[in-house]
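Where a number appears in this text, it was derived from the coordinates with a stated rule and is not lab data. Worth saying up front: this structure is predicted, and the values here are computed from it rather than measured. In this analysis, Cβ positions are derived from the backbone assuming ideal geometry, glycine residues included, and neighbour counts consider all displayed protein chains.
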Amino acid sequence: VSDNLKVSFLLPKLRKVNGKDASSTSSQVENLNRELTSRVTAHWEKFMATRSPEEEAEKAQADFVKSAVRNVRYGPESLSEFTQWRVQMISEALVASGGTQVHETGIPERPSKATAAQEPRVGVS
């Protein structure tokens, strides 16, 4: 299940996976992605609100990614591998964007030129 979801996410225009129509899987991936993006963003806001100003930014960002992967859950257990994979990608994109809104694809909106020089972008690997 997880592998088919990953294939559908990485290749959204794919029509068939293992000889089967991929449209229902693609629809499921879109819904999962939308919900996970929302949950990771909410986790970011809660996480950042509890962070002390003295805490080192890099450590806080790394801690956030770990915390998101550990705490953000959605869907049945059979989807846990896929959801953890997406949560990690979404949280890394959110950290790279400095907390700006993340598109449903998991890629942050284009940061301003000043921000772009300081923070690397995280893409799909």
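Order the peptides 74-84, 46-56, 32-42 from the highest to the lowest mean number of other Cβ atoms within 10 Å of their residues.
Descending packing order for the listed peptides: 32-42, 74-84, 46-56.
Name the residues whose placed amide hydrogens come within less than 5 Å of the amide hydrogen of VAL17, ignoring near sequence neighbours (fewer than 5 apart) on the same chain.
ALA22
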